[in-house]
1. Need the full-extension length gain, Asp382 to Leu148, defined as separation in residues times 0.36 nm minus the C-alpha distance. One decimal, nm.
2. Using the reciprocal of the averaged 1/r over all distinct C-alpha pairs, how large is the Kirkwood radius of the stretch 99-218 in Å?
3. Once all Cα-Cα distances of the stretch 81-158 are split into 10 Å bins that start at 0, what whole-number percent is in each one?
4. Given points 7 Å out from each Cα along the Cα-Cβ axis, report the Lys94 to Lys300 separation in nanometres with one decimal.
5. Assuming a ≥ b ≥ c are the square roots of the Cα gyration tensor eigenvalues, decide whether the stretch 152-249 counts as rounded (a/c under 1.5), prolate (otherwise, with a/b larger than b/c) or oblate.
6. How large, in percent, is the carbon and sulfur part of the accessible surface of the stretch 169-228 at a probe radius of 1.4 Å?
7. Which ³J(HN,Hα) values in Hz, rounded to whole numbers, follow from the phi angles of the stretch 170-177 under the Karplus curve 6.51 cos²θ - 1.76 cosθ + 1.60, where θ = phi - 60° and Gly and Pro get x?
8. Mind checking the full-extension length gain between Gln108 and Lys209? Use 0.36 nm per residue of separation minus the Cα-Cα distance, one decimal, nm.
Amino acid sequence: MYGITGYSNGYHQNQQQQHSSEEKRGGGRRRRGGRRSRHRHEIGVSDHHHQQHYNYNNNEKQEQKSPPPCTDFDMAYFHSYAHVGIHEEMIKDKVRTDTYRAAIMEHQSFIEGKVVMDVGCGTGILSIFCAQAGAKRVYAVDASDIALQANEVVKANNLAEKVIVLHGRVEDVEIDEEVDVIISEWMGYMLLYESMLGSVITARDRWLKHGGLILPSNATLYMAPITHPDRYNDSIEFWRNVYGIDMSAMLQLAKQCAFEEPCVETITGENVLTWPHVVKHVDCYTIQHDELESVSTRYKFQSMMRAPLHGFAFWFDVEFSGPATSPTNNPIPSLLVGTSNNNHMDGIQKKKRANPNEALVLSTAPEDPPTHWQQTLIYFYDPMDVEQDQIIEGSLTLSQSKENRRFMNIHLEYSSGGRSYVKESVMR
């Protein structure tokens, strides 16, 4: 199914997606998101045809801070994206790929005859979509060795004169012209995992023309309390009676192994106890690097039903809207109001997020068509019984790991019915 237009909060029709049992239990969580590398060279470029584009200098865009060093963690991360399986999974996600293609065609008037940069191009599919939409030139940037295959794909489709594959980090590669459009599929699990958004910010600050287009234009991360007795019974209660043998001595270890880290799984709207809370709204035209270092929010939910509370689910949506609707180019205030984290949308509990421009939306919510992102679940070691209308409140902090900024530290405080708890975990 294509992305939903009009409104988005993840509460639409539900479909079942097939995943391996390993993925359903979080063990099959695949790395996905950023694609960068230390190397800096151009692949398959005709020098006489493109040399003119490497002599243009824009002083304003050149005044940038030195790029962050490429660490061993980064190199290992880029290496993981050289495997075809990750790209196959992403391309076969029809919700993702069809929505991106629809967004490109919807914004064809911004792309046709213009210069585009694809940040983290992978196999080059989005770059080729942009070329098919009439782009004058597309810079396809990827740090992983998958860029070698992307270049061959470009040549096989007779697009080598339009699509220039650059093998390197967007922080390191050089092009001497501004771009009209930046497109990137940067979203990781829980939206911010893997920190690829930082590369989009760098590309924006280095090369995007004033009034240029960024696809997607903004993103929103949501959270909500969930009940999931089947999951808990399968992983934990199972040990109480195994072929008639009391194995309850395994319970504590089972809880730690099953729920110590966040799990990437598919749930449905029936698992969600309340309307979602906005953890973070990202405006791709204005967000800065330091905003990614730590995201904090306070939340307060009112349960819609009596049920055991097993944890919290996180999901996101991204919106593809033209540059005229971004705060950078249009000072008209949003219809949404509220304050938290210095952002007008953060901290709001919403039934539906206002979408006055009928923009195309890609959603990973529980009741939307499933995607390879699924949902991210933080389970409690022990469930809490909640009554209908009972308050569930607390705070959440997501921060980049000091050891490896692609990892995410999660500090969750929650209380209900007079009981308070803290859950800390790392998404790695």
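1. Working: separation 234, 0.36 × 234 = 84.24 nm, distance 4.81 nm.
Stretched fully, the Asp382-Leu148 segment lengthens by 79.4 nm.
2. Values: mean 1/r = 0.0713 Å⁻¹.
Answer for the stretch 99-218: a Kirkwood hydrodynamic radius of 14.0 Å.
3. Result returned by the calculation: 20, 52, 27, 1.
4. So the two model labels end up 4.4 nm from each other.
5. prolate
6. Numbers: 390 of 880 Å².
The C+S portion of the solvent-accessible surface of the stretch 169-228 is 44 percent.
7. Once θ is set to phi - 60°, the couplings for the stretch 170-177 become 5, 6, 10, 5, 10, 9, 9, 8 Hz.
8. On the way: separation 101, 0.36 × 101 = 36.36 nm, distance 1.71 nm.
Extra length available between Gln108 and Lys209 comes to 34.6 nm.
The values are calculated or read from the model by the stated rules, or taken from the named source; none is laboratory data. What you see is a predicted model, and the numbers here were worked out from it, not measured in a lab. Every residue, glycine among them, receives a Cβ derived from its backbone with ideal geometry; neighbour counts consider all protein chains shown. Quick note on the areas: whole protein, heavy atoms, side chains included, nothing else; ligands and nucleic acids left out. Shrake-Rupley method; radii C 1.70, N 1.55, O 1.52, S 1.80 Å.
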